[in-house]
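The values are calculated or read from the model by the stated rules, or taken from the named source; none is laboratory data. Please read these numbers as outputs of a predicted model, since none were measured by experiment. Positions of Cβ are generated from backbone atoms using ideal geometry, with glycine treated the same way; all protein chains shown enter the neighbour counts. Please note that ligands, DNA and RNA were not included when accessible areas were found on the heavy atoms of the full protein model with its side chains. Shrake-Rupley method; radii C 1.70, N 1.55, O 1.52, S 1.80 Å.
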Amino acid sequence: MNVVVDGRLSFAAEACPAKLLAALEHRLSFPNPEHQRRARAGRSTRGLDETVCAVEVDGAGVVRLPRGAVGALRELARAQGVQLAFEDRRARRAPLALRCGIELRPYQRDAVAAICMHLQGVIVVATGGGKTTIGAAAIATHQQPTLVITHTRELVEQWRSAARSILGVEPAVATGGRLESGPVTIATVQTLARASAVDLDALGAQFGCVVVDECHRAPARMFRQVLEHMPARLRIGLTATPEREDGMTPLLGWVFGDTLYRLDHDALFEAGYLRKPRARVVHTDFAYAYGGPGDRAAMLDALVGSETRNELVAALVAAEARAGRTVLVLSDRVGHCHDIVERVHQLGVPAAALVGPVHARERARILDEFRSGVLKVVAATSLADEGLDVPRLSRLVLAFPGRARGRVVQRIGRLMRPHPDKHDAVVFDVVDLLVPPLVRAYRARREAYATLVESITPFAPADARARGAPERPP
């Protein structure tokens, strides 16, 4: 059976024994998490497939698989006595003359060596371990024209800086709908997804290497559809959190292949590259008569609109900033970020909101001032989930009750980098003890803290105690 290898695997359905196709569909499928969630909640599942299947058969009778599923294809074909003949259409271009202008840490050298032994796969390194450095060093090692795919403007700027400082090149940048390209190109997946198939094919053909940062996002349909047009011989995924909260984790290996190298926080703590922060639990007296899942949106609206709760957060943030600390406040609501920033301003401390509507130049200015220590307080929505590199950051305030383990790990990881001006690091977790679902969310976060923080202690400011907030964490 002839199999074409480019940005994916493809072969004629008529050439594939029915038994092999059925085995592939079984192996490359799993229950649809969204269907399961809706069914459990008693909501309509109309229009949702019960399973997610990575095997597609188009109208022309061509079977398509994600490229990382080649191992499953080989195994199942061998078990059924089907001979495979691979037609290699992966792109390999004339070599570049790039340098690696940085001394790698031992584990970073090991990760690059693992990449060199394979043509595709995933590198898993804990937040703060320098995944961008590993990716840039791999590019320098392979000397191939490279496309780096990210999903945020902050990551674009981080990679632009790495290309300049590590590789010694000025990269092309494809953002805002512009498909610019060069020997090293950094692109947002959103820009690539808006391009036509013809333009994507033309762009993809220029590169012998594709690096996807925060590749746990690649199972999302947008990423997968873009990667199908990228036939680069070398495909590298970088992530700190390969497990997706939405249950779509199996797709990661099918898109990229095996995990080539893994390093967790414990190894980085032991080697002294990262330091554990402390966790302080900030109690509030926010109350809400929660009646069930249907009340969740209204409950969160009330939470972010609570005057006393926001005053408590702002007072804490202002006090830490006056003490010389660099403070990042996180919320999932844009309006909440602006509200807290305004209250911190009123307390005499400069602060800025870094949220989606902020223009790119203004975002860059805010981040530059934050990194340099000129600006002590930033409130943001998802900035610390991925792509934030501010080593001097010493205080993190979780002002919104999230519970997803991956996000908690990413966020706390931003505090762990050592810096000459940082003597300690603290994550302040704002906990609403009077609302049961918010207490449950805190307990989920606390499970993530178990291996990431040095200690967990209550923090009860005088004004919180005066309002009668409990003094012990749940």
remark   = With a Förster distance of 25 angstrom and the Cβ-Cβ distance between ALA79 and THR51, calculated FRET efficiency to the nearest 0.05 equals 0.70
note = Note to self, the chain gives a 222 nm [θ] from helices alone (DSSP H runs n ≥ 4, -39500 (n - 2.57) apiece, / all residues, nearest 500) of -10500 deg cm²/dmol
On Cα atoms only, tilt of 131-142 relative to the major axis of the chain in degrees = 30 degrees
task = Would you mind computing, in nm to one decimal, how far apart the modelled labels at LEU434 and GLU245 are, each placed 7 Å from Cα along Cα→Cβ?
result = 2.6 nm
Karplus (6.51, -1.76, 1.60) ³J(HN,Hα), θ = phi - 60°, over the range 103-120, in Hz, Gly and Pro reported as x = 7, 7, 6, x, 5, 5, 4, 5, 5, 5, 4, 5, 5, 5, 8, 9, 9, 7
ask   = So what are the ³J(HN,Hα) numbers for the range 16-26, from phi and the Karplus equation (6.51, -1.76, 1.60; θ = phi - 60°), rounded to whole Hz, Gly and Pro as x?
value = 9, x, 4, 5, 5, 4, 5, 5, 5, 4, 6
Lysines whose Cα lies under 27 Å from that of LYS131, excluding same-chain neighbours fewer than 8 positions away = LYS276, LYS376, LYS422
remark   = With all protein chains in place and a 1.4 Å probe, ASP421 shows an accessible area in Å² (nearest 10) of 100 Å²
message = Run the simple label-point estimate for ALA205 and VAL4 please: 7 Å along Cα→C-beta, distance reported in nm.
response = 1.3 nm
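What is the extension gain from CYS116 to VAL198, computed as 0.36 nm multiplied by their sequence separation minus the C-alpha to C-alpha distance, in nm to one decimal? Walk me through the intermediate numbers first.
Numbers: separation 82, 0.36 × 82 = 29.52 nm, distance 3.08 nm.
Contour length minus the Cα-Cα distance gives 26.4 nm.
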request  = Over the range 131-237, calculate the relative contact order: mean separation of alpha carbon pairs under 8 Å at least 6 apart, over the residue count, as a percent.
outcome  = 28 percent
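Can you work out D for the range 342-406 in µm² s⁻¹ from Stokes-Einstein, where Rh is the Kirkwood radius over C-alpha pairs, the temperature is 20 °C and the viscosity is 1.002 mPa s? Write out the running numbers ahead of the final one.
On the way: Rh = 12.9 Å.
D, rounded to a whole number, is 166 µm²/s.
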request  = For ARG371, ARG440, give the ranking by accessible area with the largest first, probe 1.4 Å.
outcome  = ARG440, ARG371
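How high is the relative contact order of the chain, in percent, with contacts defined as C-alpha pairs under 8 Å that are six or more residues apart? List each step's numbers first, then the result.
On the way: 934 pairs, mean separation 71.7, N = 474.
Here the relative contact order equals 15 percent.
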Between the range 308-367 and the range 1-47, the alpha-carbon center distance in angstrom = 45 Å
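As an exercise, use a Förster radius of 35 Å and the Cβ-Cβ distance of GLU25 and ASP264 to find the FRET efficiency, rounded to the nearest 0.05. Don't jump to the answer; show the numbers that get you there.
On the way: r = 34 Å, r/R0 = 0.98.
Once rounded, the FRET efficiency stands at 0.55.
Could you give the dipole magnitude of the range 35-141 about its Cα centre, charging the beta-carbon of Lys and Arg +1 and that of Asp and Glu -1, in debye to the nearest 20?
On the way: 17 positive and 9 negative charges, 65 e Å.
Roughly 320 debye, rounded to the nearest 20.
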request  = With a 1.4 Å probe and all protein chains in place, put LYS19, LYS276, LYS376, LYS422 in order of accessible area, largest first.
outcome  = LYS19, LYS276, LYS376, LYS422
remark   = Among the range 338-381, those whose backbone N falls under 16 Å of a label point 7 Å along Cα→Cβ from GLN190 are 354-364, 381
remark   = Applied in sequence order to the range 439-445, the curve 6.51 cos²θ - 1.76 cosθ + 1.60 (Karplus, θ = phi - 60°) yields integer Hz couplings, x standing for Gly and Pro, of 5, 5, 5, 5, 4, 5, 5
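Compute the accessible area per residue over the chain, keeping the other protein chains in place, probe 1.4 Å, unit Å².
Numbers: 20390 Å² over 474 residues.
Counting only protein heavy atoms, the per-residue value for the chain is 43 Å².
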Portion, in percent, of the accessible area of the chain that falls on carbon or sulfur, probe 1.4 Å = 50 percent
ask   = How would ASP58, ASP88 line up by accessible area, probe 1.4 Å, largest first?
value = ASP88, ASP58
Rough spin-label spacing in nm, given labels placed 7 Å along Cα→Cβ, for ALA94 and LEU347 = 6.0 nm
remark   = Counting sequence-distant residues (5 or more places) and residues on other chains, those with an amide H built under 5 Å from that of VAL282 are ASP429, VAL430, VAL431, PHE459
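Using only the alpha carbons of the range 315-368, what is the convex hull's orientation-averaged projected area in square nanometres? List each step's numbers first, then the result.
Numbers: hull surface 15.1 nm².
If you wrap the Cα atoms of the range 315-368 in a convex hull and average its projections, you get 3.8 nm².
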task = Collect residues whose amide H, placed 1.01 Å from N in the peptide plane, falls under 5 Å from the amide H of GLU454; neighbours closer than 5 in sequence don't count.
result = ARG278, ALA279
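For the range 1-117, what's the relative contact order in percent, using C-alpha pairs closer than 8 Å and at least 6 residues apart?
On the way: 118 pairs, mean separation 41.7, N = 117.
Normalised by residue count, the contact order of the range 1-117 is 36 percent.
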ask   = Could you give the angle, 0 to 90 degrees to the nearest 10, between helix 360-372's Cα long axis and the longest principal axis of the Cα atoms of the chain?
value = 60 degrees
query = Under 5 Å between amide H atoms, partner at least 5 residues away or on a different chain: which partners does GLN144 have, H built in plane at 1.01 Å?
reply = LEU96
key: Alpha-carbon Debye profile of the range 21-128, log10 I(q)/I(0) at 0.21 Å⁻¹   = -1.19
query = Helix 334-346: angle to the longest alpha-carbon principal axis of the chain, degrees 0 to 90, nearest 10?
reply = 40 degrees
ask   = How much of HIS26 can a 1.4 Å solvent probe reach, expressed as accessible area in Å² and rounded to 10?
value = 150 Å²
